[in-house]
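The values are calculated or read from the model by the stated rules, or taken from the named source; none is laboratory data. Please read these numbers as outputs of a predicted model, since none were measured by experiment. Here Cβ is always computed from backbone atoms with ideal geometry, including for glycine, and neighbour counts include all displayed protein chains.
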Amino acid sequence: MTKKKPSLSIKQVFLLGSKLVITLSVILCVFSLFRTHSTSQIHKHPRSRTIFHVQQQFNGPSKIAFLFLTRKDLPLDFLWDTFFENADSRNFSIYVHSEPGFVFNEWTTKSPFFYNRQLRESVRVVWGESSMIDAERMLLKEALEDPANQRFVLLSDSCVPLYNFSYIYNYLMSSPRSFVDSFLDGKESRYNPKMSPDIPKSKWRKGSQWIALIRKHAEVIVDDDAILPVFEAYCKRRPSIVSGRKNIKLQKQHNCIPDEHYVQTLLSMSELDNELERRTLTYTLWNQSTTKTEKTAWHPVQFSYAKAGPQQMKEIKGINHVYYETEYRTEWCRTNSTFVSCFLFARKFSRGAAMRLLSEGLLRSSDSSVVVTTHL
Ligand SMILES: *[C@@H]1O[C@H](CO)[C@@H](O)[C@H](O)[C@H]1NC(C)=O
Ligand SMILES: *[C@@H]1O[C@H](CO)[C@@H](O)[C@H](O)[C@H]1NC(C)=O
Ligand SMILES: *[C@@H]1O[C@H](CO)[C@@H](O)[C@H](O)[C@H]1NC(C)=O
Ligand SMILES: *[C@@H]1O[C@H](CO)[C@@H](O)[C@H](O)[C@H]1NC(C)=O
């Protein structure tokens, strides 16, 4: 008995040892598998993380996320209130990025739709600088947390809808593509050669910041940590020009407006140009008159009460194509291959102009075009 004990214990030790070896190698195998898996993922998708991808197969009613980028309050909240009142609350969600600390409640808005819809965190936005992109990404990030949000529309505090909710809902939902105004930046010298090779000139794009995205593209923008730092370093707005000799050096400084290039260039870098309707859904009327300080400055025209008449609105809604000079491209407006009017929204509207749209029945449940015609 006593002799057998050591032999047994040797056997036991052997057994125990082999068990240990097996366990260890299994752990090692799993670990290395995990490692190769994650490294290959990182290699294939440099800018995508997995958090949002789980939620892609969403089966409930799809929502449009309306993302408002405001300075403070929403001056046209009364118009949007009517717009949302005619919608099914399961079909939309609202997010507002305002200045830090600004709260939407019964004292700051007349529309309950906006109560507490401001982001938990926000940044102080300087128009034309990269803080604008930060604010856009914060809106997208928060909206992505609701898996029901399938379309993401960026709007300013002077934007108005041109149609009722159901028309806009169907227009956006029927398109499997994002609407992103994106074109070759021909004559201008906003591209900074220092961005190369991270952003080659061939991928540099320009376009309106007012975009409407599908979920996949919203994820690309929120996940981006490769293109954004390049923009932060090399795409900066030149300080505004003041006359005087001291400013000659300043005027030669590279000038770039990040929010007119970032999304377009990022999507182009991600080889997603072919998943876009390359146009904006938001109408802007440009004042091309020249001023002394800026030779070719274009300014958006503000629509006043007088300018927001039925004839003008009918003309905007009648536009069915856009010409892109730098690409010699005529974009016939489509959603999912069906020809449609180009614009769903318009800016910049004053309170008076928005009141006129309401009183003339632009957003009324009945067919708005009939209402418009009766006023001619
Ligand atoms: C709301 O969404 C449902 C399903 O997604 C759709 O059938 C319905 O037409 C939508 N309602 C409006 C007002 O667009
Ligand atoms: C787009 O159009 C095609 C062909 O008409 C149709 O089968 C498809 O369902 C449409 N897509 C959406 C998202 O409505
Ligand atoms: C266009 O801008 C010029 C100069 O700033 C101004 O005088 C003119 O009234 C503007 N036109 C419109 C239609 O707003
Ligand atoms: C919404 O507007 C469209 C286009 O103007 C019109 O054909 C439709 O009847 C309206 N729908 C509702 C529910 O008001």
- prompt: Across the range 111-121, what is the total count of residues that are at pLDDT 95 or above, in a loop (DSSP other than H, G, I, E, B) and either exposed (fewer than 14 other Cβ atoms within 10 Å of the Cβ) or touching a helix residue (DSSP H, G or I) at 6+ places or on another chain (Cβ under 9 Å) (or both)?
  reply: 3
task: Go over the candidates Thr338, Thr326 one by one and state the one that is away from ligand 1 (no atom under 16 Å from the Cβ), on the phi < 0 side of the Ramachandran plot, touching a strand residue (DSSP E or B) at 6+ places or on another chain (Cβ under 6 Å) and of a type outside the set (A, V, I, L, M, F, W, C).
output: Thr326
- line: Checked the range 135-181 for anything buried (at least 19 other Cβ atoms within 10 Å of the Cβ), within 16 Å of ligand 4 (Cβ to nearest atom) and more than 14 Å from Ile214 (Cα to Cα); matches are Val160, Pro161, Leu162, Tyr163, Asn164, Phe165, Ile168
field: Complete set of residues in the range 305-349 that are small (Gly, Ala, Ser) and either without any contact (Cβ under 8 Å) to a residue 12 or more places away in the chain or in contact with a Leu (Cβ under 9 Å, 6 or more places away or on another chain) (or both)
entry: Ala306, Ala308, Ser337, Ser341, Ala346
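Rundown of residues vs (1) among the acidic types (Asp, Glu); (2) within 16 Å of ligand 1 (Cβ to nearest atom); (3) in a loop (DSSP other than H, G, I, E, B), yes/no style:
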position	(1), (2), (3)
Glu136	yes, no, no
Leu155	no, no, no
Tyr163	no, yes, yes
Gly186	no, no, yes
Tyr191	no, no, yes
Pro197	no, no, yes
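Matching residues to (1) in contact (Cβ under 8 Å) with a residue 24 or more places away in the chain; (2) surrounded by fewer than 20 Cβ atoms within 10 Å (Cβ to Cβ); (3) touching a helix residue (DSSP H, G or I) at 6+ places or on another chain (Cβ under 9 Å); (4) closer than 22 Å to Ile211 by Cβ:
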{"site": "Phe58", "(1), (2), (3), (4)": "yes, yes, yes, yes"}
{"site": "Ile64", "(1), (2), (3), (4)": "yes, no, yes, yes"}
{"site": "Phe78", "(1), (2), (3), (4)": "yes, yes, yes, no"}
{"site": "Tyr95", "(1), (2), (3), (4)": "yes, no, yes, yes"}
{"site": "Pro100", "(1), (2), (3), (4)": "yes, yes, no, no"}
{"site": "Thr109", "(1), (2), (3), (4)": "yes, no, yes, no"}
{"site": "Gly128", "(1), (2), (3), (4)": "yes, yes, yes, yes"}
{"site": "Ile133", "(1), (2), (3), (4)": "yes, no, yes, yes"}
